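To start, the structure itself, in structure tokens.
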Amino acid sequence: MAFLPFRLGAQAAYDGAFCMDRDIRAMRANIFGDFYNPYGDYIQYAPGVVLYGVKACGYKTAYNWGRMLTANAFSALIMAGIGNGLKYSVNRTRPNGGEHSFPSGHSATSFMMAHWMHKELGWRSGWWSAGGYLVAVSTALQRLIVDRHWMSDTVGGALIGVGSVELGYFLSDLIFKDKLIYDGYEPLHIHYDSNEEKYYSIELFYSRRFVLGSKDERLDGTLPRRGSGIGLQAEIPVMPRSGVLLRTAAGSLVSASTASSGDTSLLPSVPGSNVPASSAGSGDSSLLSPVPDGETSPADGSYLAFNVYSGQAGMYWEYCFRHWLETEMYALIGYAGHNLGGGIDFTGGASLNIVTEEHFRFKGFAEWELMSYPSGRHNFMNSIHLGFSAGFYW
């Protein structure tokens, strides 16, 4: 028998263009406000510095200096060319009003160097890879926290960084073939047995929430309009193909307040937003963010975003179609907190997983969630989540 998994996270939402980006920015505004710290300017280079440092100290990597430097040079040139080309051709406005937002150069640089570390040191220990990617993710998060990039900018930067390394090493392999390879090097490989083995995993996920209910209920504030969520989840095997799933999540939901209907006491005014004074009440305004620049609102009200935080645990079960393709079903129960106080949170879902032999797994998933939401004539809110996740297994 399998047991309970666990989940924790957060969610946010607006109507309008770039919904994923608006949602994540709403959540960021609720949590961090005007906070600024430049740590991403420095740690973006940390994986590369560590790689070159340990190699200079005599620690053996996959390739000798000449081959590694060539592959890294190809990677950097490709990353810079694609990244800068897109920045100036797309010329997307940054969330703080600046220019050349897409893609994130910091994210591209950090993920490129993290992938260097994975290529050169990951075969010796998965901790090298995990450490490098942790720094890369931290760099991308810093760009979101300081309001310099949209989430899609950082995702685009990460893909460019990793892709440039794959292409750079491919070109280097064409030149050097079987030369300048460390004698003890063994290609990174895990024997993935789709039916027999137990695998642990840890993953980052993003989901888009679609609230079930009538349009009138969403417009008058009885139900939130929709939202997004991000979080971390881990799987702990109890038996082959099944076990405990743990999840933490965070995000935000969007409500539409009106002066004539809905429970506006829960939607206080926010400095700098266009919320009518009549909608102010006894709620916690620190949980609500103003409408972002460029967003629209109903003629008689405005959108307010409030954060949701949840932790869940439950059971999962997997079935393999091929050694690289599997499906997963799971059920989770826990607690979600939001501006109405929160309560029980139940999720049931299924995913389609692509498994690689380099300790990575990618998922696309669909979920149904029942969450305590005592508003008007409702005690619970039903919603559908569509999303994706990526992470390590071992």
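ARG247: buried (at least 21 other Cβ atoms within 10 Å of the Cβ) and either at pLDDT 50 or above or more than 27 Å from PHE380 (Cβ to Cβ) (or both), yes or no?
The answer is yes for ARG247.
How many of the residues in region 88-110 are of a type outside the set (A, V, I, L, M, F, W, C), in a helix (DSSP H, G or I) and either touching a strand residue (DSSP E or B) at 6+ places or on another chain (Cβ under 7 Å) or more than 19 Å from GLY40 (Cα to Cα) (or both)?
2
Closer than 14 Å to GLY227 by Cβ, open to solvent by less than 40 Å² (accessible area, probe 1.4 Å) and at pLDDT below 90, is that true of HIS338?
It is true that HIS338 is closer than 14 Å to GLY227 by Cβ, open to solvent by less than 40 Å² (accessible area, probe 1.4 Å) and at pLDDT below 90.
If you go through region 80-100 one residue at a time, do you hit one that is of a type outside the set (A, V, I, L, M), out of contact with any helix residue (DSSP H, G or I) (no Cβ under 9 Å at 6 or more places or on another chain) and open to solvent by less than 30 Å² (accessible area, probe 1.4 Å)?
Looking through region 80-100, at least one residue is of a type outside the set (A, V, I, L, M), out of contact with any helix residue (DSSP H, G or I) (no Cβ under 9 Å at 6 or more places or on another chain) and open to solvent by less than 30 Å² (accessible area, probe 1.4 Å).
Scanning for something under 28 Å from ASN64 (Cα atoms), open to solvent by 10 Å² or more (accessible area, probe 1.4 Å) and modelled with pLDDT of 90 or more, does region 149-159 turn up at least one residue?
Checked region 149-159: at least one residue is under 28 Å from ASN64 (Cα atoms), open to solvent by 10 Å² or more (accessible area, probe 1.4 Å) and modelled with pLDDT of 90 or more.
Report yes if some residue within region 59-76 is over 19 Å from LEU167 (Cα atoms) and not polar (S, T, N, Q); otherwise report no.
yes
Could you look through region 342-393, keep only residues that are in contact (Cβ under 8 Å) with a residue 60 or more places away in the chain and out of contact with any strand residue (DSSP E or B) (no Cβ under 7 Å at 6 or more places or on another chain), and pick out the one that is surrounded by the most Cβ atoms within 10 Å (Cβ to Cβ)?
Only one residue fits best here, namely SER375.
Which strands (runs of 3 or more DSSP E) does region 300-394 wholly contain that include 3 or more residues that are in contact with a Leu (Cβ under 9 Å, 6 or more places away or on another chain) and of a type in the set (Lys, Arg)?
Result: empty, no element qualifies.
Starting from region 84-108, keep only residues that are free of Cβ contacts under 8 Å to residues at least 12 places away in the same chain, then list their pairs with residues that are open to solvent by less than 30 Å² (accessible area, probe 1.4 Å) and assigned to a loop (DSSP other than H, G, I, E, B) whose Cβ atoms are within a distance under 8 Å, requiring at least 6 positions of separation or different chains.
THR93/SER101
Identify the residue in region 38-65 that is part of a helix (DSSP H, G or I) and among the aromatic types (Phe, Trp, Tyr) and, among all such residues, is modelled with the highest pLDDT.
TYR52
Within region 160-178, which residues are farther than 21 Å from SER104 by Cα and open to solvent by less than 10 Å² (accessible area, probe 1.4 Å)?
Answer for region 160-178, where residues must be farther than 21 Å from SER104 by Cα and open to solvent by less than 10 Å² (accessible area, probe 1.4 Å): TYR169, SER172.
Within region 119-139, work out how many residues are in contact with a Gly (Cβ under 7 Å, 6 or more places away or on another chain) and either over 20 Å from MET68 (Cα atoms) or open to solvent by less than 20 Å² (accessible area, probe 1.4 Å) (or both).
Here the count works out to 2.
Here's a check for you: in region 357-386, which residue that is over 17 Å from ASP216 (Cα atoms) and aliphatic (A, V, I, L, M) is nearest to the chain's Cα centre (by Cα)?
Out of the qualifying residues, it is LEU386.
Quick one: how many residues across region 213-247 are touching a residue at least 60 places away in the same chain (Cβ under 8 Å), among the hydroxyl-bearing types (Ser, Thr, Tyr) and closer than 27 Å to LEU340 by Cα?
2
I want to confirm something. Restricting to region 197-215 and keeping residues that are of a type outside the set (D, E, K, R) and open to solvent by 80 Å² or more (accessible area, probe 1.4 Å), which single residue is nearest to the chain's Cα centre (by Cα)?
LEU204
Exactly one condition in (1) open to solvent by 30 Å² or more (accessible area, probe 1.4 Å); (2) under 30 Å from GLY229 (Cβ atoms); (3) in a helix (DSSP H, G or I); (4) of a type in the set (A, V, I, L, M, F, W, C) is not met by MET113; state its number.
Going through the list (1) open to solvent by 30 Å² or more (accessible area, probe 1.4 Å); (2) under 30 Å from GLY229 (Cβ atoms); (3) in a helix (DSSP H, G or I); (4) of a type in the set (A, V, I, L, M, F, W, C), MET113 breaks only (1).
The values are calculated or read from the model by the stated rules, or taken from the named source; none is laboratory data. Treat the numbers as computed from the prediction; the structure is a model and nothing was measured. So basically every Cβ, Gly included, is an ideal-geometry build from the backbone, and we count neighbours across all protein chains shown. Accessible surface is based on the protein model in full, side chains and every heavy atom, while ligands, DNA and RNA are left aside. Shrake-Rupley method; radii C 1.70, N 1.55, O 1.52, S 1.80 Å.
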